[in-house]
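J.: Below you will find the structure I want to go over with you.
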Amino acid sequence: MLHYFIVFLISMVPLIELRGAIPYAVGFHCNMVWAYIIAIIGNMLPVPIIYLFARKVLLWGKDKKYIGRFFTFCLEKGEKGGRKLEAKAGKGLFVALMLFVGIPLPGTGAWTGTLAASILDMGFKKSIIAVMLGVIIAGVIMGLASMGLFGAIGAIFAPK
């Protein structure tokens, strides 16, 4: 039970998110169906709050003495990610956001994707659905990778 709670907590941490929670669950031999569901819930829990308030808080804090540099960094990262996504996607912004969140690379998770969607004024419902689909995709990829499926496929097709 403790490991599932840790999976939940890890999945809510920015930059680590579900990408760290799933390998943790595999490492501790958790039931993967339950770990996957818990990790998705944990990863998605902060998303509406991020969409609704993060941009406002970051704009408020960017000029403050002790937190200004970090808040400015977060704003710039979100804006850079959002503009890059918008430039590549054009009208396919929904799919681009989903894939941005779904491909498990550092800095491309639900937190960054949601902040980018907020900065781009993508729309609450559309953003939440795209991010959730991306989190589901990332969870599947991380689960397969953590259980060694990609290594097994590589071993099968590797030149001898």
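J.: So which residues in the stretch 113-139 are free of Cβ contacts under 8 Å to residues at least 60 places away in the same chain and part of a helix (DSSP H, G or I), if there are any at all? Working first, answer last.
T.: We begin by selecting, within the stretch 113-139, every residue free of Cβ contacts under 8 Å to residues at least 60 places away in the same chain; these are 113, 116, 120-123, 125-126, 129-130, 133-134, 137.
Across the stretch 113-139, the qualifying residues are Gly113, Ala116, Lys125, Lys126, Ile129, Ala130, Leu133, Gly134, Ile137.
J.: Another question, if that's okay. Looking at Ser146, Ser127, can you tell me which residue is modelled with pLDDT of 80 or more, open to solvent by 30 Å² or more (accessible area, probe 1.4 Å) and of a type in the set (S, T, N, Q)?
T.: Working: Ser127 fails: open to solvent by 30 Å² or more (accessible area, probe 1.4 Å).
On inspection, the qualifying residue turns out to be Ser146.
J.: Further question on the same structure: Only one of Met44, Met32, Met98 is free of Cβ contacts under 8 Å to residues at least 40 places away in the same chain and in contact with a helix residue (DSSP H, G or I) (Cβ under 7 Å, 6 or more places away or on another chain). Can you tell me which? Don't jump to the end; show me each part of the working.
T.: Numbers: Met44 fails: free of Cβ contacts under 8 Å to residues at least 40 places away in the same chain; Met32 fails: free of Cβ contacts under 8 Å to residues at least 40 places away in the same chain.
From the options Met44, Met32, Met98, the qualifying one is Met98.
The values are calculated or read from the model by the stated rules, or taken from the named source; none is laboratory data. Predicted model only: the values in this text are computed from it and were never measured. Ideal geometry is used to build each Cβ from the backbone, glycine not excepted, and the neighbour counts take in all protein chains shown. In case anyone asks, the SASA skips ligands and DNA or RNA and just uses the protein heavy atoms, side chains included. Shrake-Rupley method; radii C 1.70, N 1.55, O 1.52, S 1.80 Å.
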